Amino acid sequence: MKMKKGKIRNFLKSMKIQLVLLCILIGALSGLIVRVGILKSYEKRAVSVKNIEILSQAKILANQIADADYLHDMSSEAITAQLEQLSQFYDGRVMIIDAAFRIIKDTYDLDTNKIIISEEVIKSFDGKGKEISNYDAQNHYIEMTVPLVETEEETEQQRVSGILLVSVSTDEIETNLEYLRSRALILQTAELLLLFAVGVGISIRMTKPLKRMAKSLDELRNGYGETDGTLMITDYTETIEVSEKLNKLYARMKMLDDSRQEFVSNVSHELKTPLTSMKVLADSLNGQEDVPVELYREFMQDIGNEIERETKIINDLLSLVKMDKSASDLNITSVNINEMLEQILKRLRPIAGGQHIELVLESFRPVTAEIDEVKLTLAITNLIENGIKYNKQEGWVHISLNADHQYFYVKVEDCGIGIPKDSIEHIYERFYRVDKSHSREIGGTGLGLAITRNAILMHRGAIKVFSTEGEGTVFTVRIPLNYIA
Ligand SMILES: Nc1ncnc2c1ncn2[C@@H]1O[C@H](COP(=O)(O)OP(=O)(O)OP(=O)(O)O)[C@@H](O)[C@H]1O
Ligand SMILES: [Mg+2]
């Protein structure tokens, strides 16, 4: 049992740890998803805003460049100033490339007059006036090409005569991202700590009722006396259900324990009574001198009767214990029930005759059934014996046998003293006798009906009693014709 207690504790402990881990895991995962999601969408949005802003500036400038024919005549100071302004304002580099891929203007003044052949530039010339924009997340810059479109005067056809190439740094977005990342990390750590605390709280709250239940069970285990035997943990529907089930189990255990104790005390009392009588008889013989032989004989006769009584009790107890064990002890054979009843009556007739009681057997049909003959003989004998014992002078006991396709029925009816209403429910209890003093005269231990009922139940049968005080009693027994294992 100690091990079981440990097991419950370990179970609760591991349940707590699992709950806390689950909370932390859920927190960490959700935090990660939110963090990555927010940072990514911030970056996307910031880049797109910057892109639109620069593109609109670059487009205006590209129009002005095209209008002023800046590609061929770079004397316009206004445009030069605007190019510088754009470059400085966005911390970037602005280049103008002509149709021969030559850099004719570079705000960094590094690559002027050099030839540039990059994918974007080629695409831009091919792109029929389309702008191209690229974001390089690794090196933190946006590069865009805006075509410089000229309209030929004679043909009125448009053609790309050059390209405005703007590349601006996105370091500012990266700085913001860094800041957000560090903030998110702090928040996430705080969230995890909070979730850990919440997890611990929840696990304690959730396991508390189970802990209490384990404690109550422990108290129950330590003996019935220490608690009133009721357990009620009302925190969850499940704990209420378990509590109710355990209470029922406990009540049944207590009932079994009580009946065992009562049985043991009854047995010892019943076994002691004949011994006490014998001791009194023997003592009184030993205490007297010159006891007449007749008195000796009389007392020895009484002692013999007591020994007989003691033997009967022990035999009855042994039959009961045997039947308590299991149905597998049944010795099932096919038995002619009519003959079996006749045999029983043959044995009981002398006893009935001694009390002037008429025994009548009425068989409605021949019956053969699969039964344990010894046990069922004992059961029916007890019923007929009772009919004789608890009868009136010149009374009768009628026994009838009938059957249908499934069962056979034995009815034992007498015109005896009957059983009081409030005693009926007790008559199958071991050692129960309606009128102890009267029964003692008649003789009996109160085990007969307990044995009878056990034997019938072992055959999957049923027994019923109807009785009216002062008028008589009817016992009906129903047994399956074929033994049901
Ligand atoms: N046919 C009956 N008529 C009236 N009372 C009965 C009848 N059968 C049983 N009883 C009552 O039920 C009690 C229990 O019967 P049961 O056969 O178990 O015990 P018993 O006859 O007293 O003793 P045992 O059968 O062990 O020798 C009897 O003592 C008696 O009071
Ligand atoms: Mg009896």
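Heavy-atom accessible area with a 1.4 Å probe sorts 250, 432, largest first, into 432, 250. Say the cut-off is 30 Å between C-alpha atoms; which of 322/411; 322/392; 245/421 go over it? From 322/411; 322/392; 245/421, over 30 Å: 322/392; 245/421. This model, with +1 at the C-beta of Lys and Arg and -1 at the C-beta of Asp and Glu, gives the chain a dipole about its Cα centre of some 2240 debye. When peptides 304-314, 166-176, 374-384, 472-482 are ranked by their average number of other Cβ atoms within 10 Å per residue, the highest-first order is 374-384, 472-482, 166-176, 304-314. Across the protein chains, with a 1.4 Å probe defining accessible surface, the residues 140, 356 rank 356, 140 from largest area downward. Taking every protein chain into account, the accessible area of the chain amounts to 61 square angstrom per residue (probe 1.4 Å).
The heavy atoms of residue 290 present about 150 square angstrom of accessible area, all protein chains included, probe 1.4 Å. Between the listed residues 313, 243, 95, the Cα displaced farthest toward the positive end of the dipole of the chain, a dipole computed from Cβ unit charges relative to the Cα centre, is found at 313. Dividing the radius of gyration of the alpha carbons in segment 237-320 by their Kirkwood radius gives 1.41 for Rg/Rh. Note on segment 326-480: Cα-only Rg and Dmax are 14.9, 44 Å.
The value of relative contact order for segment 237-320, using C-alpha pairs under 8 Å at least six residues apart, is 33 percent. Just the protein heavy atoms count here, and of the accessible area of the chain at 1.4 Å, carbon and sulfur take up 56 percent. The heavy atoms of residue 252 present about 140 square angstrom of accessible area, all protein chains included, probe 1.4 Å.
Around the Cα centre of segment 2-176, unit charges on the Cβ atoms of Lys, Arg, Asp and Glu (plus for the first two, minus for the last two) sum to a dipole of about 3480 debye. Annotation for segment 19-79 versus segment 132-158: alpha-carbon center distance of 17 Å. Of the Cα atoms belonging to the chain, the radius of gyration and Dmax stand at 53.8, 171 Å. With the convex hull drawn around the C-alpha atoms of segment 185-335, the volume per residue stands at 219 Å³. Axis angle, to the nearest 10 degrees, between helix 373-389 and the longest C-alpha principal axis of the chain: 60 degrees.
The figure for residue 94 is an accessible area of roughly 0 square angstrom, using a 1.4 Å probe on the protein chains alone. Considering only alpha-carbon pairs that sit under 8 angstrom and 6 or more positions apart, the relative contact order computed for the chain is 10 percent. Beta bridges assigned by DSSP with both partners in the chain are antiparallel in approximately 90 percent of cases.
The values are calculated or read from the model by the stated rules, or taken from the named source; none is laboratory data. Just so we're clear, the structure is a prediction, and the values are computed from it rather than from any experiment. When we count neighbours, we look across all protein chains shown, and the Cβ atoms used for this are built from the backbone with ideal geometry, even at glycine. These accessible areas exclude ligands, DNA and RNA; they are computed on the full protein's heavy atoms, side chains included. Shrake-Rupley method; radii C 1.70, N 1.55, O 1.52, S 1.80 Å.
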